[in-house]
1. Pick from 57, 233, 16 the residue whose mean-square fluctuation is largest in a GNM of the chain, springs joining Cα atoms under 10 Å.
2. For a test of the definition: using alpha carbon positions, the gyration tensor, and the 1.5 limit on a/c, classify the stretch 45-107 as rounded, prolate or oblate.
3. Among the lysines, which fall within straight-line cross-link reach of residue 93, defined as a Cα-Cα distance under 17 Å, with same-chain neighbours fewer than 8 residues apart omitted?
4. Cα centroid distance between the stretch 215-276 and the stretch 329-384, in Å?
5. So if we plug the beta-carbon distance of residue 346 and residue 161 into 1/(1 + (r/R0)^6) with R0 = 35 Å, what FRET efficiency do we get, rounded to 0.05?
6. For the chain, give the share of DSSP beta bridges that are antiparallel, in percent and rounded to the nearest 5; count only bridges with both residues there.
7. Subtracting the Cα-Cα distance from 0.36 nm times the residue separation, let me have the gained length for residue 38 to residue 321 in nm, one decimal.
8. Take the chain, connect every pair of alpha-carbon atoms lying under 10 Å apart with a spring to form a Gaussian network, then pick out the residue of 318, 252, 223 with the largest mean-square fluctuation.
Amino acid sequence: MQNNWLERSRKVLLDGCSTFSKRVDAYVENVYASHVLSGDGSYLTMCDGTRLLDTVGGLGSNLLKRHNNYSMEPIETILLAESLLKRIPYHHKLKYTMNGSDACSAAVRYARAYTGREQVYYSGYHGADNVFISSTPPAAGCVQEKCHKFETMDKLIEYAESGAKAAAYIVEPLELETPGLRERLVALRKACDKSKSLLVYDEVITGWRVPKFTVGNWMGIHPDITVMGKAIGGGYPLAVVLVTDEIASHTPGVFISHTFAANQCSLTHALHTVFTVTEDMIDEAWGAGEIFKNQANSIDPGLFQLKGYPTRFVWECPTDTAKALLWQEMYKRGILVGAAFFPCLEWSYIEYNIILAKLENSVAAIRKGAVLEGIPARPAFKRT
Ligand SMILES: Cc1ncc(COP(=O)(O)O)c(C=O)c1O
């Protein structure tokens, strides 16, 4: 049983673990059980049934008895990895991180280690780490990186097609609208293959929100590395970077390890999410979102339109003031509206109809002369 878990962990997890200090070979392999089955305060039950009083204290994170960050890897790291990889068969191994930013930075590290190149080109947003933020002024406090941002995916593709070699080209494969998506991804895949650059899909937002779980599956155009976060953690901090066996076997020495990478809380909620959300559930939400979008967009096209795909929208209004006014009126009617609009997969016609009714009421109030009482949303930074 013990060996089974160890073997399985080495099959699906990069380095066979999530946190280097929690792996069995950091203790006494062949004596210690490899994984934790369950934990109860300072007491652990290992995968072979051994009960232990834990003196390692979750690598220093368990201050009180009720604190429960295991000091060795829990079996859920394996169960979740197996479940994710079963659904994303073009990847073979993964690493857990705590958030999308860590995972995107990890993707860059794997790409650089695999290709022996430094340059990275990207479009879209890939988190708050130095590697990406250094190329988006003001970038205060960042140091220069060999990582360059393109304003649009099309400009990035054009550059890739010029033959520029890179460690990686990184995109959010589906930003908001779908037309031409497959053709763009085919073009980028071809360009990357030609220059032997890795293609990275940042599916931090799209993971588990699009048909077949990922854009890579859905479109059938596969990246070399995928990053996912947000929804797969079930509302708790968890992200993953997924790679192919080819990349895994040629990137020894990449150090990605966090005390909380395989924390019980996030893993439990992620497993619940992955077991609960089926392809059918996403397809149904996709259909419902499409109908909702069409109904919403017919209410008052001069005042607002929802743009995006059926499980992710943004509000488009003629001016920032008009948008703030619409949000204000919705807020007054009990609906929290903001820059992002992510429908819940479990919403039924009840929630959608409530939102539609409140939109109609808000629009009527605005047409009758409601005025803005606050300050429109503004960006955190004025970017140059
Ligand atoms: C596409 C994308 N990648 C990466 C990130 C960074 O994730 P996190 O905020 O969890 O660090 C985000 C966050 O919004 C994102 O939208």
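1. Among 57, 233, 16, the largest GNM mean-square fluctuation belongs to 57.
2. It comes out oblate by the Cα gyration axes.
3. Those lysines meeting the cut-off are 11.
4. The two parts, judged by their Cα centres, are 33 Å apart.
5. 0.25
6. Here the antiparallel bridges make up roughly 55 percent for the chain.
7. 96.6 nm
8. Judging by the Gaussian network model, the answer is 318.
Computed from the coordinates by the stated procedures, all read-outs in this text should not be read as laboratory data. All of these numbers come straight from a predicted model, not from anything done at the bench. FYI the Cβ positions are ideal-geometry reconstructions off the backbone, even for glycines, and counts take in every protein chain you see.
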